[in-house]
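Structure first, commentary second.
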Amino acid sequence: MKLSDIAAELGLKVEAGAQGLDAEVTGGYVSDLLSDVIGNCTAGQLWITLQVHDNIVAVATLKELAGIVIINGKQVSANAVEKAEAEGIPILSTQLPAYETAGRLYQLGIGAD
Amino acid sequence: MPGKALFQKTFTIKKDDFANAGEASVQIKNILKDVGFDSSVIRRVAVASYEAEMNVVMYGGGGNVRLAVNPDNVMLVVEDKGPGIPDVDQAMQEGFSTATDEMREMGFGAGMGLPNIKRNSDDLKIITSPDSGTRLEICIRSSVSGTEEN
């Protein structure tokens with residue numbers, strides 16, 4: 001499923017990196033620990049997190065993730081937005097908590113991989 | 001390391017520079033992509049490089065990462081000016097971390113850095129002392145394929 005379709009289904013707000021919304025999402029991963037994501041996420045996954053600082057973009061770029069979903073209505077940092085635009089990494093946001101975001105992705109047929 | 005590297009580049013890593021942390025690893029990844037390494041090798045280098053870079057930023061007081069692309073491997077030599085690692089065996093255990101509360105709030109300090117480096121490398125040497133800081137020699141074996149792209 002394309003990230004743009006997921007964004008529409010879940011009502012996600014696009015904060016940055018709209019040029020990457022065509023990406024095919026292969027799975028999802030929920031974590032707020034960067035080393036966990038760097039170690040265990042796989043390319044094409046959508047990363048659900050409450051981290052909002054600019055280093056999340058480096059992690060997503062290095063792991064070739066489909067995008068990042070910021071939960072709980074948290075505001076992503078301006079630096080992260082700038083970096084995400086430069087790298088073409090979509091950052092989306094939702095008012096939903098992580099559990100519900102992951103659950104709704106699962107209902108859409110997005111599994112762990 | 002015998003033989004001459006096909007390509008070498010040194011990246012300077014600044015102490016506590018969270019804003020630019022990870023940039024060297026992104027550049028290293030792009031270089032390896034341009035050279036034509038297959039993506040599984042690039043992904044392993046990216047993980048090892050990122051973790052090593054973050055360690056230099058957070059604990060090493062700054063330093064550098066030297067990338068050497070050789071015919072059958074990628075070498076990362078990472079040096080910092082920090083206080084050294086008092087107990088390497090302990091630092092290699094997943095979950096052990098000396099991160100500050102501030103680092104943990106940012107999602108660092110999971111105690112997975114060195115284990116992630118070890119897991120993604122074929123050979124890892126750690127040379128560390130309180131006087132001269134820490135030096136990691138990370139070797140990831142590979143061949144330049146130029147055919148695979150995903």
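The values are calculated or read from the model by the stated rules, or taken from the named source; none is laboratory data. These numbers come from a predicted model, not from an experiment. We place every Cβ from the backbone using ideal geometry, glycine too, and count neighbours over all the protein chains shown.
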Qualifying residue in segment B:42-55 (condition: under 19 Å from B:D131 (Cα atoms) and touching a strand residue (DSSP E or B) at 6+ places or on another chain (Cβ under 8 Å)): yes
Odd one out for A:A84, checked against (1) out of contact with any Lys or Arg (no Cβ under 9 Å at 6 or more places or on another chain); (2) within 13 Å of chain B (Cβ to nearest Cβ); (3) assigned to a loop (DSSP other than H, G, I, E, B): (3)
Breaking point among (1) out of contact with any helix residue (DSSP H, G or I) (no Cβ under 7 Å at 6 or more places or on another chain); (2) over 26 Å from B:A99 (Cα atoms); (3) of a type outside the set (S, T, Y), for A:G17: (1)
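Residues checked against (1) part of a strand (DSSP E or B); (2) more than 21 Å from A:E87 (Cα to Cα); (3) at pLDDT 95 or above:
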site: B:A5; (1), (2), (3): no, yes, no
site: B:A19; (1), (2), (3): no, no, no
site: B:A24; (1), (2), (3): no, no, yes
site: B:N30; (1), (2), (3): no, no, yes
site: B:V56; (1), (2), (3): no, yes, yes
site: B:A68; (1), (2), (3): yes, yes, yes
Hits in segment A:1-14 (condition: in a loop (DSSP other than H, G, I, E, B) and either in contact with a helix residue (DSSP H, G or I) (Cβ under 6 Å, 6 or more places away or on another chain) or small (G, A, S) (or both)): A:G11
Residue count, segment B:32-47 (criterion: within 9 Å of chain A (Cβ to nearest Cβ) and at pLDDT below 95): 2
Residue among A:A84, A:A58, A:A23, A:A78 that alone is closer than 21 Å to B:I42 by Cβ and without any contact (Cβ under 8 Å) to a residue 40 or more places away in the chain: A:A58
Filter pass, B:K15 being within 28 Å of B:M106 (Cα to Cα) and surrounded by fewer than 20 Cβ atoms within 10 Å (Cβ to Cβ): yes
Pair list, Cβ under 7 Å, 6 or more apart: segment B:50-74 residue without any contact (Cβ under 8 Å) to a residue 12 or more places away in the chain, other residue among the polar types (S, T, N, Q) and buried (at least 24 other Cβ atoms within 10 Å of the Cβ): none
Single condition A:W47 does not satisfy, out of (1) touching a Phe, Trp or Tyr at 6+ places or on another chain (Cβ under 6 Å); (2) without any contact (Cβ under 8 Å) to a residue 12 or more places away in the chain: (2)
Meets criteria (closer than 19 Å to B:L6 by Cα and aromatic (F, W, Y)) for B:F96: no
Residue that is farthest from the other protein chains (Cβ to nearest Cβ) [pool: residues in segment A:41-81 that are among the aliphatic types (A, V, I, L, M) and more than 18 Å from A:G20 (Cα to Cα)]: A:I71
Search result, residues across segment A:26-40 that are more than 14 Å from chain B (Cβ to nearest Cβ) and either part of a helix (DSSP H, G or I) or crowded, with 21+ Cβ neighbours inside 10 Å (or both): A:G28
Options B:V47, B:V78, B:V74: the member that is in contact with a helix residue (DSSP H, G or I) (Cβ under 7 Å, 6 or more places away or on another chain) and within 26 Å of A:V81 (Cα to Cα): B:V47
